[in-house]
Amino acid sequence: MKQSEEAILYLVPTPIGNLEDITLRSLRILKEVSVILAEDTRTTGVLLKHYAIKTPLQSYHIFNEHQTIHKIIERLAKNEKIALVSDAGTPAISDPGFLLVREVLKNQYKVECLPGATAFVPALVKSGFPTDKFIFEGFLPVKKGRKTRLEILASETRTMVFYESPHRIIKTLNEFCTYFGNERLASVSRELTKFFEETINDTLINLHQHFEKNNPKGEFVIVIEGKEIEKKSKKYENKDEEE
């Protein structure tokens with residue numbers, strides 16, 4: 001049975017750094033909904049205070065999402081409109097949200113995702129690598145499955161996009177050198193949209209050495225060129241033509 005169309009879960013992107021990077025529609029929705037589900041109510045509280053938004057906040061993060069989903073569904077059953085935000089960027093992109101969206105759709109309620117900020121898009125676009133085909137990997141597994149994933153990606157020909165934290169960036173770049181090769185080109189962006197925003201384009205080995213010498217700060221987006229497709233030798237090309 002289809003539920004009321006009045007009940008909606010809005011996925012609202014929030015700025016990844018600069019508070020001005022939020023749409024007028026997002027601000028309107030955040031004012032109109034009954035409650036805002038926030039990954040960290042303190043972080044979201046700063047944004048709401050900046051725009052004088054007084055909508056009630058409720059905590060929703062990876063440690064409580066299984067316990068709170070059924071309560072959110074109950075609120076939708078009362079025809080409430082609810083917004084979900086993460087600390088920065090678009091909800092469910094390397095942030096909580098997937099489980100809630102799946103459950104809301106399962107119960108036949110409406111989900112709307114507003115367009116807005118996300119960290120990997122500007123990093124990808126300004127990397128200079130092909131953007132017609134790319135894969136978004138987000139954060140690599142910390143332990144289990146990490147080696148296997150890197151072995152698979154070593155032969156990937158599309159542009160690859162990763163997220164990484166400051167305390168693991170050096171280790172991750174070293175692993176990329178091992179699996180992708182020291183001379184593979186990459187682009188590392190940090191602190192996107194903030195005052196100390198920085199993007200460095202170089203080989204993986206040079207990037208690794210750079211961050212070993214310079215204390216890495218901020219959240220990182222790493223964009224790596226895909227493996228070049230090996231071309232057939234002239235000998236085999238001629239042979240194919242003869243056949």
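Which of the three applies to region 120-224, rounded, prolate or oblate, going by the alpha-carbon gyration tensor with a ≥ b ≥ c and a/c under 1.5 meaning rounded? Verdict is rounded for region 120-224. Rounded to the nearest 500, what is the chain's calculated 222 nm mean residue ellipticity when only DSSP H runs of at least 4 contribute -39500 (n - 2.57) each, over all residues? Using -39500 (n - 2.57) per qualifying helix, the result is -10000 deg cm²/dmol. The mean sequence separation of alpha-carbon pairs under 8 Å and at least six residues apart, normalised by the residue count of the chain, gives a relative contact order of 21 percent. What does the charge count near ARG184 come to, summing +1 for each Lys or Arg and -1 for each Asp or Glu among other residues with Cβ under 9 Å from its Cβ? In short, -1. Scaling the Cα radius of gyration of region 1-58 by the globular reference 2.2 N^0.38 Å produces a ratio of 1.20.
With a cut-off of 14 Å between beta carbons, the residues surrounding GLU32 carry a summed charge of +2, where Lys and Arg count +1 and Asp and Glu -1. Computed from the C-beta positions of ASN214 and LYS71 and an R0 of 41 Å, the FRET efficiency is 0.35 to the nearest 0.05. Converting the Cα gyration tensor eigenvalues of region 9-108 into ellipsoid dimensions via √(5λ) gives semi-axes, longest first, of 21, 15, 12 Å. Modelled label positions at ASN18 and THR178, each set 7 Å beyond Cα in the direction of Cβ, lie 3.8 nm from each other. Computed from label points 7 Å out along Cα-Cβ, the spacing between ARG25 and ARG42 is 3.3 nm. Dividing the alpha-carbon radius of gyration of the chain by the rule-of-thumb value 2.2 N^0.38 Å gives 1.22.
Coordinate-derived values only; no laboratory data. Everything numeric here is computed off the predicted structure, so don't read it as measured data. Don't worry about glycine lacking a Cβ; one is built from the backbone with ideal geometry, like all the others, and counts go over all protein chains shown.
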